[in-house]
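These notes concern the structure reproduced below.
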Amino acid sequence: MRSLRVVIGLAGLALCAVASAAENESIRLGVDVSRSGARIDRHIFGQFAEHLGRGIYEGVWVGPDSKIPNTRGIRNDVVEALKAIKVPNVRWPGGCFADEYHWRNGIGPRDKRPATLNPNWGGVIEPNTFGTHEFMDFVQQIGADAYLSINVGSGTPAEAADWLEYLTTSQPTALAKERAANGHADPYPIPLLGIGNESWGCGGSMTLDEYVNHLKVYARYARNYNATHPMRRVAVGPDGPDTGYTEAVMKAWKNKTWAWDIEGLSLHSYTVVKWPPAFKATGFGENEYAVMLKATLNMESLVSKHSAVMDQYDPEKKIALVVDEWGAWLAATPGSPEGFLEQQNSQRDALIAALNLNVFARHSDRVRVANIAQMVNVLQAMIFTRKEKMLLTPTYHVFRMYLPFHDATFLPVDFVAGMYKSGDIELPRVDAIAARDTAGKLWLSLTNLDPNLAASIDVDISGRKVTNAKGLTLAAPRIDSVNTFETPGAVAPKPFSAKAAGKKLIVKLAPASITVVELE
Ligand code: AHR
């Protein structure tokens, strides 16, 4: 049988077919602790919260008068769950919504705010009760950075400039006084600012030149006045593999004048096989599992492709690649409201999350921010809510298991991955990343993609003796196992440990599982 050799060095991932050992032999995995890679920026574990369906309203905001326990209108259970995964940043208010959002509708007394429309997402009424101050309160409650997307599609540079002045100046301007009158005298920090969203699509269908012309203006005038908190500006970048926006924005940046700058370029790429999304979130078979994992692994070539273009203009890697929309996009839950993008979340989603996070970690020299779509009740969510109840998804558990990788130092790994074959689809049987955490401990994340066979990993840390592996494993009875409000713990991580026998440390991975262990 052929096998895939995976060499994950400091330069990324290489796959090639080689002759391999039998399926039941252990896979030798070497970690080279002498060659440290880049820091795995904790911001790759960012979230995205759009005014879409029940993502904000019900999912985050219930209002101060709700019977659901809340702090100033923001539900306490969701805040606690998000604090536990140390969310580094939240992107808001969209998505497509951002390019039709007018921030002034969302400030001042809530009972005086206008009802507007949300034409992108079901055409529902947007009550504007969750606006700027509520969002900033929310990110402060969960300990995350604000990642604001400004309206480039239907707004004006003056509107964006005013929003930034309102948020960030400490000088006694009229806008700062208005902010204080609305309850916040101190300027806010805005560490990340998106200059438009998908300007090639819902954000204005702009040609390359049109977007670059807008970018220069907005990057200049949407100023951060908060001297103690720097702000990184993120330009709209590619949709999937098309490098048009990557080339155009990077070229403009390379030849820029002193009058504008950016610090990031966005990439959007969902795991979606058909459009409109037709793959079921539950009740799918092995073929749909394998097809989705294959599509997910495509993130590796996408990131490599756009990074290579960026390297031509920015070899010092000053500009971060910001994968600020990623995740599985599946057929909507039957009976859910049109345009609300509600979908269940299975063990397959957990693997999709781990495989994507591994790609970002491997490219941590360039990918320094990423945001899964979306945080609560929408697409590949962390959390589902139903009235007063809250549920954690398999994807949430992966984010929790990956906490040791926040700001850890990437370490190259080398292994013969073997092959998992389903019909004519060939995938590596296992995927792995290693890192040294901020306290100096060594961590491995191991994913067994094969839904039928366990995998044994023979761990070798630069020839050193490893006696113990301890951590968590996420496995499930079926690839489409899900958590429900009736069975919330059906898919949940379990403690995991393995001890060395003689000189060998063998880590046994259940079929279709993710295991994160500390090596001692
Ligand atoms: O996440 C849902 C939508 O997908 C976002 O609003 C948009 O940016 C993307 O097309």
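The values are calculated or read from the model by the stated rules, or taken from the named source; none is laboratory data. From a predicted model like this one, the values you see are computed outputs, not experimental measurements. As a convention, Cβ positions derive from the backbone with ideal geometry for all residues, glycine included, and neighbour counts pool all protein chains shown. When the accessible area is computed, the model is the full protein with side chains, heavy atoms only, and any ligands, DNA or RNA have been set aside. Shrake-Rupley method; radii C 1.70, N 1.55, O 1.52, S 1.80 Å.
If you add up the charges near THR438, with Lys and Arg at +1 and Asp and Glu at -1, over every other residue whose beta carbon is less than 14 angstrom from its beta carbon, what do you get?
Net charge in that neighbourhood comes out at +1.
Rounded to a whole number, what % of the accessible area of segment 448-496 do carbon and sulfur atoms account for, probe 1.4 Å?
The nonpolar share, carbon plus sulfur, comes to 57 percent.
Can you name the helices of the chain, as whole DSSP H runs, whose Cα span along the helix axis is 18 Å or more and whose Kyte-Doolittle mean is not below 0.0?
Helices meeting the criterion: 347-362.
Over the chain, what is the percentage of antiparallel beta bridges among all DSSP beta bridges, to the nearest 5?
65 percent
If each DSSP helix of 4+ residues adds -39,500 (n - 2.57) and the sum is divided by the residues in the chain, what number results at 222 nm, nearest 500 deg cm²/dmol?
Estimated from H runs of four or more residues: -7000 deg cm²/dmol.
What is the P(r) of segment 243-296, as percent of Cα-Cα pairs per 10 Å bin from 0?
Result, from short to long distances: 18, 32, 17, 19, 12, 2 percent.
Mind putting a number on the dipole of the chain about its Cα centre? Charges go on the C-beta only, +1 for Lys and Arg and -1 for Asp and Glu, and I need it in Debye to the nearest 20.
That gives the chain a dipole magnitude of about 1280 debye.
Farthest toward the dipole's positive end in the chain, which of TRP61, PRO404, ALA492, given Cβ charges of +1 (Lys, Arg) and -1 (Asp, Glu) about the Cα centre?
PRO404
To the nearest 20 debye, what charge dipole does segment 190-252 have about its Cα centre, counting +1 at the Cβ of each Lys and Arg and -1 at the Cβ of each Asp and Glu?
Result for segment 190-252 is approximately 460 debye, rounded to the nearest 20.
If the cut-off is 18 Å between C-alpha atoms, which lysines fall inside it for LYS280, apart from same-chain ones fewer than 8 positions away?
Within reach: LYS294.
So what's Rg/Rh here for the chain, counting alpha carbon atoms and using the Kirkwood radius for Rh?
0.97
Convert 4 °C to kelvin, take the viscosity as 1.567 mPa s, use the Kirkwood radius over C-alpha pairs of segment 236-368 as Rh, and evaluate the Stokes-Einstein diffusion coefficient in µm²/s, rounded to a whole number.
Result for D is 80 µm²/s.
Could you work out the pair-distance distribution P(r) of segment 184-281 from its alpha-carbon pairs, with 5 angstrom bin width and percents rounded to whole numbers?
So the P(r) values, bin by bin, are 2, 12, 20, 20, 15, 11, 8, 6, 3, 1.
Using the charge dipole of segment 307-413 (Lys, Arg: +1 at Cβ; Asp, Glu: -1 at Cβ; taken about the Cα centre), state which of ALA361, GLN347, GLN374 has its Cα farthest towards the positive end.
Highest projection toward the positive end goes to GLN347.
Below 10 angstrom from the Cβ of MET390, what's the summed charge of the other residues (Lys, Arg +1; Asp, Glu -1)?
Charge balance in the 10 Å sphere: +1.
Which entries of LYS83/LYS177; LYS83/LYS441; LYS83/LYS317; LYS83/LYS216; LYS389/LYS494 have Cα-Cα distances beyond 25 Å here?
LYS83/LYS177; LYS83/LYS317; LYS83/LYS216
Counting only DSSP beta bridges with both residues in segment 349-481, tell me the antiparallel percent, nearest 5.
95 percent
When DSSP beta bridges are limited to those with both residues in segment 266-401, what percentage is antiparallel, rounded to the nearest 5?
About 30 percent, rounded to the nearest 5.
Heavy-atom accessible area per residue, segment 77-121, 1.4 Å probe: how many Å²?
I get 39 Å² per residue for this part.
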